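Enquirer: Here you go, one structure.
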Amino acid sequence: MIYKDIVIIGAGPAGLAAALSAYENGVTDILILERENFLGGILNQCIHNGFGLHTFKEELTGPEYASRYIHKIEELNIEYRLNTMVIDISNTKQVIAINETDGVITIQAKAIILAMGCRERPRGALNIPGFRPSGIFSAGTAQKYVNINGYLPGRNIVILGSGDIGLIMARRLTLEGSNVKIVCEIMPYSSGLKRNIVQCLDDYQIPLRLSHTITRIHGKERIEGVTVAKVDASMQPISGTEEYVSCDTLLLSVGLIPENELSRKAGVVINPTTQGPFVSNSLETTIPGIFACGNVLHVHDLVDFVSEEAALAAKCAIKHIHGIQKHEKLISVIARAGIRYTVPSSIDPCEVDKMQLIRFRVSDVYENQYISVYFDFERVYHKLKRILTPGEMEQVILPKGWFDKFPTVKNISLEVERK
Amino acid sequence: MTEVGKRQVTCINCPLGCTLEVEIHNDESIIVTGFQCSRGEDYAKKEVLNPTRTITTTVPVLNGDVQMVSVKTSSDIPKKSIKACMLALKGIVVEAPINIGDIIIKNVCNTEVDIVATKEVKKK
């Protein structure tokens, strides 16, 4: 048995930032476990720029952003094991992992930080009729083939879903000489960031078909084409609108799912909306001493916010180790009309320093409506938003003073309001 | 010469993606509204006068611990030079070791911008 103060599962942006924050805040007995043979996680294949504007005040590519953290991890000699797969976590914070050199290792942690990230929704989750030909990839897999392995997945591409990775790959494949014919999105709005619509699709005249989906995949050995159809308001294909589009490759960019198999094994309660753990404002899951951050908690738009969240998780883990968490009372944070979810889902006012950040997503597109925050029945925050879309994460900041002003508050609720 | 009138552009500098209103006047003055930081104002002016983009791609590596090294233009290049820039990179192969910032092509397509590595690659 190995004993560690903090065990971090995953060495992507969340895991690395958590490790660094833990070290800088005085806990150096750390172990990072990573299943790949390199640090940095998915950032390594995100070769595009736009990372780091918040954290480093400059625009970096994914590999550059990761290297800033990797260099510090190496410099500080923070222990990590690569090619190491965690297979079990217990509610007593025991971690079982395997790798080729050590065999099975058991680690008893004082605190665990979950930083496993997320995975892509696969074809199987979509129920598109047709055979199972080759040439169908999730957008991230195609990204790995192109950027890490140097393979081109195909020449004539159709993309289903307008998630950010799909948009990024539309541009990437165009630059590599492929013909990206269309991007279909079943919703009436894009699920990706506006900037990616502009710089990945508009710049290259790639058409985005909103309220369109794929109703059939053609081809037996290799994909030969797809049937594209318009959908109605209840997302059902409208008969008569079908159109055949030939292609040799179909990319799916239809959503990301936090990877919480291990969390579930430990007994962590998962929020069915985010598919990530329920956490308090200490980013602590329903099991004391197990914390979560980054895309395993909820899918982020920005790596900068992942790093920030991970740094906070590490600070809270240190408080847990030192036994200075207060746990006096928990206020529930409730997502009401128009709000899909909030992180955190509960707040301990004693753990609020100067202010409390609440991150959330809305459930539909709203124009010129208000984000309101209620402390029980009292509205404390009411802000006009020109546009709110589910694709862009929003936040509100609650000053510490409000918690002092409402010492008996039981519920804090967020809502999208007309006026 | 840019057309006089109003245009809407979406700022691509950060994921906020601010919608910016650009007014181009007869006297060639440009007024930008809707930005949340100075980067937005600069972007909108550039976008109507001379739109530019940073290009990122990959180049094969010989004798490295990975097959490909990611690269970028060291600053943004005119949109009209993107294709030429990609063609200039065709067939380029580099030898490990490579450090972040190493120049892969100097002054690519006479843009006065270099192609630089964005990833460290160790020798195999």
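Enquirer: So which residues in region A:139-163 are within 9 Å of chain B (Cβ to nearest Cβ) and either crowded, with 20+ Cβ neighbours inside 10 Å or under 22 Å from the mean Cα position of the chain (by Cα) (or both), if there are any at all?
Expert: Within region A:139-163, A:V146, A:N147, A:I148 qualify.
Enquirer: Now a separate question. Can you tell me which residues in region A:191-214 are of a type in the set (S, T, Y), within 14 Å of chain B (Cβ to nearest Cβ) and not in a helix (DSSP H, G or I)?
Expert: Answer for region A:191-214, where residues must be of a type in the set (S, T, Y), within 14 Å of chain B (Cβ to nearest Cβ) and not in a helix (DSSP H, G or I): just A:S191.
Enquirer: Being away from chain A (no Cβ under 11 Å), modelled with pLDDT of 95 or more and over 20 Å from A:C200 (Cα atoms): is that true of B:P60 here?
Expert: The answer is no for B:P60.
Enquirer: Which numbered condition trips up A:L250, out of (1) out of contact with any Ser or Thr (no Cβ under 9 Å at 6 or more places or on another chain); (2) under 17 Å from A:S138 (Cα atoms); (3) in a loop (DSSP other than H, G, I, E, B)?
Expert: (3)
Enquirer: Right, next: Condition (residue is assigned to a helix (DSSP H, G or I) and either at pLDDT 95 or above or crowded, with 24+ Cβ neighbours inside 10 Å (or both)) applied to region A:272-294: is it met by at least one residue?
Expert: Yes.
Enquirer: A further question on this structure: When you go through (1) surrounded by 13 or more Cβ atoms within 10 Å (Cβ to Cβ); (2) at pLDDT below 95; (3) more than 23 Å from A:P288 (Cα to Cα) one by one for A:A125, which number turns out not to apply?
Expert: Looking at each condition in turn, A:A125 falls short on (1).
Enquirer: State all residues of region B:63-107 that are in a strand (DSSP E or B), within 13 Å of chain A (Cβ to nearest Cβ) and over 21 Å from A:Y65 (Cα atoms); if no residue qualifies, say none.
Expert: Selection gives B:I77, B:P78, B:V94.
Enquirer: Against the condition surrounded by 15 or more Cβ atoms within 10 Å (Cβ to Cβ) and not polar (S, T, N, Q), how does B:I103 come out, does it pass?
Expert: So B:I103 does not fit the description; no.
Enquirer: Among the listed residues A:L262, A:L167, A:L250, which satisfies the condition of being among the aliphatic types (A, V, I, L, M) and closer than 30 Å to B:Y43 by Cβ?
Expert: Sole residue among the options that is among the aliphatic types (A, V, I, L, M) and closer than 30 Å to B:Y43 by Cβ: A:L167.
Enquirer: Looking only at region A:230-247, which residues are assigned to a strand (DSSP E or B), crowded, with 16+ Cβ neighbours inside 10 Å and touching a Lys or Arg at 6+ places or on another chain (Cβ under 9 Å)?
Expert: A:K230, A:P237, A:V245
Enquirer: Among the residues of region B:1-35, which ones are assigned to a loop (DSSP other than H, G, I, E, B), more than 9 Å from chain A (Cβ to nearest Cβ), within 25 Å of B:I55 (Cα to Cα) and of a type in the set (S, T, N, Q)?
Expert: If the condition is that a residue be assigned to a loop (DSSP other than H, G, I, E, B), more than 9 Å from chain A (Cβ to nearest Cβ), within 25 Å of B:I55 (Cα to Cα) and of a type in the set (S, T, N, Q), then B:T2 is the only one that fits.
Enquirer: Residues being crowded, with 20+ Cβ neighbours inside 10 Å and either more than 18 Å from A:A18 (Cα to Cα) or without any contact (Cβ under 8 Å) to a residue 12 or more places away in the chain (or both): count how many of those fall in region A:85-106.
Expert: Number of matching residues: 2.
Enquirer: Looking at region A:312-323, I want the residues that are more than 9 Å from A:G289 (Cα to Cα) and have a partner that is part of a helix (DSSP H, G or I) with Cβ atoms under 6 Å, at least 6 apart or on another chain. Which pairs are those?
Expert: Matching pairs, first to second residue: A:A313/A:A18; A:A314/A:A18; A:A314/A:S21; A:A314/A:A22.
Enquirer: Out of the residues in region A:41-58 that are more than 11 Å from chain B (Cβ to nearest Cβ), surrounded by fewer than 24 Cβ atoms within 10 Å (Cβ to Cβ) and touching a residue at least 12 places away in the same chain (Cβ under 8 Å), state the one that is farthest from B:A117 (Cα to Cα).
Expert: A:T55
Enquirer: Can you tell me how many residues in region B:70-98 are under 18 Å from A:E59 (Cα atoms) and over 12 Å from the mean Cα position of the chain (by Cα)?
Expert: Counting residues in region B:70-98 that are under 18 Å from A:E59 (Cα atoms) and over 12 Å from the mean Cα position of the chain (by Cα) gives 1.
Enquirer: To continue, here is another question. Considering only region A:397-415, how many residues are in a strand (DSSP E or B) and buried (at least 19 other Cβ atoms within 10 Å of the Cβ)?
Expert: 4
Enquirer: Sticking with this one: Looking at region B:40-47, is at least one residue within 13 Å of chain A (Cβ to nearest Cβ), of a type in the set (S, T, Y) and under 18 Å from A:D203 (Cα atoms)?
Expert: Looking through region B:40-47, at least one residue is within 13 Å of chain A (Cβ to nearest Cβ), of a type in the set (S, T, Y) and under 18 Å from A:D203 (Cα atoms).
The values are calculated or read from the model by the stated rules, or taken from the named source; none is laboratory data. As the structure is a computational prediction, the values presented were derived from the model and not from experiment. Note that we place each Cβ from the backbone using ideal geometry, even for glycine, and neighbour counts take in every protein chain shown.
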